[in-house]
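The structure appears below as structure tokens.
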């Protein structure tokens with residue numbers, strides 16, 4: 001499959017041949033949902049902790065007699081029904097990560113990349129190098145491509161590109177090795193260099 005190739009300044013630079021197994025797959029919504037959910041779950045710290053009635057300090061003595069007071073019977077002032085008592089279903093530290101097979105994860109990335117191509121949300125450029133790490137220079141180039149909300153993917157981490165995009169909320173930069181399904185779906189456009197396309201084809205095909 002041949003796709004249009006542009007320069008980072010928005011000029012035409014010919015075409016590039018890409019793999020059908022990576023950029024021409026049918027969209028599988030359930031597969032994408034599974035992988036995105038697992039990815040987000042893996043980012044949760046899971047360090048929340050609350051105390052049950054047995055862990056709250058105090059409450060060892062019965063607050064009043066079982067009978068004769070006219071009140072409902074109570075065995076401890078640390079009951080979840082009482083003020084300053086324990087939590088009924090107390091949250092405890094846990095691991096939220098979900099197991100996703102490597103083949104399934106790669107297939108989901110290919111599905112997302114294929115959908116981006118079908119929706120004209122994928123832009124392939126020859127390179128994304130910046131001479132200086134200035135946000136103004138990056139905005140000049142993204143404006144030439146008509147981008148206001150985009151993820152820029154390069155083959156390797158580029159210091160100038162990363163520093164220039166750090167101060168922008170709707171423009172982000174990453175390298176092909178750290179691409180993930182959530183980042184691909186978050187932005188309206190995905191800009192990839194031809195070298196990053198080759199690297200993804202090698203790792204996902």
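The values are calculated or read from the model by the stated rules, or taken from the named source; none is laboratory data. Worth saying up front: this structure is predicted, and the values here are computed from it rather than measured. No Cβ is skipped: glycine too gets one built from the backbone with ideal geometry, and neighbour counts run over all protein chains shown.
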Response to the item:
Within region 169-187, residues more than 25 Å from residue 100 (Cβ to Cβ) and surrounded by fewer than 16 Cβ atoms within 10 Å (Cβ to Cβ) come out as 169, 170
Fill in: Any chance residue 193 is assigned by TED's automatic domain parsing to the domain that holds residue 128, over 20 Å from the mean Cα position of the chain (by Cα) and within 13 Å of residue 129 (Cβ to Cβ)
yes
Item to complete: State whether one or more residues within region 68-86 are loosely packed, with under 11 Cβ neighbours inside 10 Å and within 21 Å of residue 200 (Cβ to Cβ).
Response: no
Fill in: One residue from 145, 185, 151, 138 being in contact with a strand residue (DSSP E or B) (Cβ under 9 Å, 6 or more places away or on another chain), in contact (Cβ under 8 Å) with a residue 24 or more places away in the chain and within 22 Å of residue 31 (Cβ to Cβ)
151
Worksheet item: Do we have any residue at all in region 18-37 that's assigned to a loop (DSSP other than H, G, I, E, B), loosely packed, with under 10 Cβ neighbours inside 10 Å and out of contact with any helix residue (DSSP H, G or I) (no Cβ under 6 Å at 6 or more places or on another chain)?
Response: yes
